[in-house]
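Participant: Quick one: this structure, given as structure tokens, is what I'll be asking you about.
The values are calculated or read from the model by the stated rules, or taken from the named source; none is laboratory data. Because the structure is a prediction, the values reported are computed rather than measured. Please note: Cβ atoms are built from the backbone with ideal geometry, for glycine as well, and neighbour counts cover all protein chains shown.
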Amino acid sequence: MPANEQFTHRLNELLPDIIREFGTPFHIYDEQGIRDTVRSMYLAFAANGITEFRNYYSVKANPNLAVMKIVADASGDALGFDCSSVPELLLSRKIATGDRIMFSSNNTSAEEFEIALADGSSILNIDDISMLDSLTSQQLQSASMVSFRYNPGAERSGDAIIGQPEEAKYGLRKDQLYPAYQHILDKGVSRDKIGIHTMIISNQREKSYMLETVKMMLSIAEEFLSQYQIRFNFINIGGGIGIPYRTNDSSFDLQTFAREAAAELKSFSAKSGYMPRLFMECGRYITGPHGVLVTKVLNRMSKHKEYVGVDACMSSLMRPAMYDAYHHITVLEKNDDSPQEVVDVIGSLCENNDKFAKNRHLPKTDKGDVLIIHDTGAHGHAMGFNYNGRLRPKELLIGVDNKVRMIRRAETYEDYVRTLEV
Ligand SMILES: Cc1ncc(COP(=O)(O)O)c(C=O)c1O
């Protein structure tokens with residue numbers, strides 16, 4: 001959905017001044033909203049007795065240090081970052097170390113493992129059994145903890161973004177799990193430092209799906225306890241909690257999910273005599289709804305369809321082109337009562353899928369009108385690129401004090417050519 005009411009209210013009041021000061025386009029994030037979401041997530045689990053719940057914020061969702069600091073501060077002791085690459089890991093180390101960082105890469109090189117394990121050992125989440133060849137006993141022992149990513153294959157279904165588990169390039173098959181754990185035990189990893197991870201869904205708003213994942217992981221934990229006397233320190237069910245991008249989408253029922261997940265954990269504990277910690281690595285749920293992309297109408301064009309050309313393009317927000325994803329759009333100072341029209345909202349990239357919206361009913365716009373593209377706080381700016389020499393826009397933040405500051409400047413021509421050797 002469409003940014004929440006408080007954010008919309010704050011934004012609409014401030015936007016004319018922000019645009020005067022910073023120009024368009026830009027992503028802008030709402031500190032208060034991010035803090036509230038982080039806190040409500042931890043409270044939901046704590047209220048059900050799961051006090052050691054930890055969300056490793058998925059850095060790929062929004063790798064801006066200012067945003068990460070807000071997430072960290074709001075998380076307090078439960079802080080964690082999920083990093084899929086060395087640059088994400090190095091960025092996270094500006095805020096956290098040790099078991100507060102989960103290095104969860106795939107198709108990883110020996111050099112990447114080396115960096116991940118130097119200077120403050122992270123949790124190592126290993127994506128494939130073959131990668132054990134790149135890790136020495138010393139390295140494995142130096143990790144805060146070690147886990148493997150499980151891919152359940154045909155047992156579970158995925159979604160359009162992440163793919164079906166059977167088709168997905170991620171994770172170990174069930175029959176590969178035990179040999180993998182046996183290998184790390186043989187290499188001297190301590191039994192109390194072993195966890196298990198999975199991530200099989202993206203943008204899922206149905207809590208029953210996530211609960212199935214908790215049950216699936218607990219069933220593996222049960223098997224590992226009875227067959228191999230292995231107790232998992234944690235089960236990490238990944239990220240993937242969805243947000244309502246469309247106005248009529250329902251929200252993920254976190255309160256019920258936390259209650260039901262807690263019940264599963266308690267029942268496991270009663271049977272097995274221990275309770276693994278529950279970890280997640282949500283990005284979208286934490287920051288997605290608390291950011292918007294603000295862009296101005298550059299051109300009105302009438303071809304075989306009506307086009308609204310704006311000053312942002314898919315280098316600022318890839319999701320519509322990449323996944324045909326819906327992002328709600330509103331027009332500053334216009335609403336449903338304003339005269340309406342059906343348009344495609346386009347950027348300037350030489351790709352016909354450079355469209356923020358197709359056949360969208362919107363208030364009629366003219367050159368200079370301001371469009372607000374919602375829910376860009378996760379996997380928005382982060383997915384940007386430079387094809388066509390299109391440069392990524394700035395990022396701004398509305399603080400809890402309602403002050404606005406720039407947290408990343410716009411790219412310049414100098415950035416575009418910086419890596420050239422001539
Ligand atoms: C391994 C892993 N963890 C976490 C996430 C974060 O997902 P989301 O932002 O949808 O919660 C992703 C997203 O692609 C992922 O691949």
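Participant: What are the residues in the stretch 135-161 that are surrounded by 15 or more Cβ atoms within 10 Å (Cβ to Cβ) and either acidic (Asp, Glu) or outside the structural domain of residue 203 (by TED's automatic domain parsing) (or both), if any?
Facilitator: The answer is 159, and nothing else.
Participant: Let me ask something else. Condition test on residue 269, is it hydroxyl-bearing (Ser, Thr, Tyr), touching a residue at least 24 places away in the same chain (Cβ under 8 Å) and either on the phi < 0 side of the Ramachandran plot or not in a helix (DSSP H, G or I) (or both)?
Facilitator: Criteria not met by residue 269.
Participant: Anything in the stretch 178-204 that is at pLDDT 95 or above, of a type in the set (Val, Ile, Thr) and not in a strand (DSSP E or B)? List them, or say none.
Facilitator: 184, 189
Participant: Hey, any hits in the stretch 398-418 for a residue that's more than 22 Å from residue 31 (Cα to Cα), of a type in the set (A, V, I, L, M) and in contact (Cβ under 8 Å) with a residue 60 or more places away in the chain?
Facilitator: The answer is no; no qualifying residue exists.
Participant: Just name the residue that is surrounded by the most Cβ atoms within 10 Å (Cβ to Cβ) out of those in the stretch 71-107 that are in contact (Cβ under 8 Å) with a residue 40 or more places away in the chain and away from the ligand (no atom under 16 Å from the Cβ).
Facilitator: That would be 74.
Participant: What is the one condition in (1) over 17 Å from residue 159 (Cα atoms); (2) in contact with a strand residue (DSSP E or B) (Cβ under 9 Å, 6 or more places away or on another chain); (3) small (Gly, Ala, Ser) that residue 188 does not satisfy?
Facilitator: If we test residue 188 against (1) over 17 Å from residue 159 (Cα atoms); (2) in contact with a strand residue (DSSP E or B) (Cβ under 9 Å, 6 or more places away or on another chain); (3) small (Gly, Ala, Ser), just (2) comes out false.
Participant: Take the residues of the stretch 129-156 that are assigned to a helix (DSSP H, G or I) and within 13 Å of residue 181 (Cβ to Cβ): which is nearest to the chain's Cα centre (by Cα)?
Facilitator: 129
Participant: Continuing with this model, one more query. So which residues in the stretch 221-245 are assigned to a helix (DSSP H, G or I) and either closer than 29 Å to residue 283 by Cβ or not assigned by TED's automatic domain parsing to the domain that holds residue 83 (or both), if there are any at all?
Facilitator: Within the stretch 221-245, 221, 224 qualify.
Participant: Give me the residue from the stretch 162-200 that is of a type in the set (Ser, Thr, Tyr) and under 19 Å from the mean Cα position of the chain (by Cα) and, out of that set, surrounded by the most Cβ atoms within 10 Å (Cβ to Cβ).
Facilitator: Here the residue is 198.
Participant: Exactly one of these conditions fails for residue 303: (1) surrounded by fewer than 17 Cβ atoms within 10 Å (Cβ to Cβ); (2) within 14 Å of residue 369 (Cα to Cα). Give me its number.
Facilitator: Single failed check for residue 303: (2).
Participant: Every residue in the stretch 46-56 that is away from the ligand (no atom under 16 Å from the Cβ) and in contact (Cβ under 8 Å) with a residue 24 or more places away in the chain, please.
Facilitator: Of everything in the stretch 46-56, those that are away from the ligand (no atom under 16 Å from the Cβ) and in contact (Cβ under 8 Å) with a residue 24 or more places away in the chain turn out to be 47, 48, 49, 50, 52.
Participant: Still on this model: Can you name the number of the only condition in (1) of a type outside the set (Lys, Arg); (2) surrounded by fewer than 22 Cβ atoms within 10 Å (Cβ to Cβ); (3) more than 19 Å from the chain's Cα centre (by Cα) that residue 209 fails?
Facilitator: So residue 209 meets the others, but not (3).
Participant: For the subset of the stretch 51-70 comprising residues that are of a type in the set (Ser, Thr, Tyr) and within 23 Å of residue 395 (Cα to Cα), which member is surrounded by the most Cβ atoms within 10 Å (Cβ to Cβ)?
Facilitator: Checking each candidate, the answer is 57.
Here is a yes/no grid of residues against (1) away from the ligand (no atom under 16 Å from the Cβ); (2) over 30 Å from residue 356 (Cα atoms); (3) at pLDDT below 95; (4) surrounded by fewer than 23 Cβ atoms within 10 Å (Cβ to Cβ):
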| residue | (1), (2), (3), (4) |
| --- | --- |
| 236 | no, yes, no, no |
| 239 | no, no, no, no |
| 245 | no, no, no, yes |
| 249 | no, no, no, yes |
| 254 | no, no, no, yes |
| 257 | no, yes, no, yes |
| 279 | no, yes, no, no |
| 285 | no, no, no, no |
| 289 | no, no, no, no |
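Participant: Oh, and also: Determine which member of the set 226, 219, 208 is more than 14 Å from the ligand (Cβ to nearest atom), farther than 24 Å from residue 158 by Cα and free of Cβ contacts under 8 Å to residues at least 40 places away in the same chain.
Facilitator: 226
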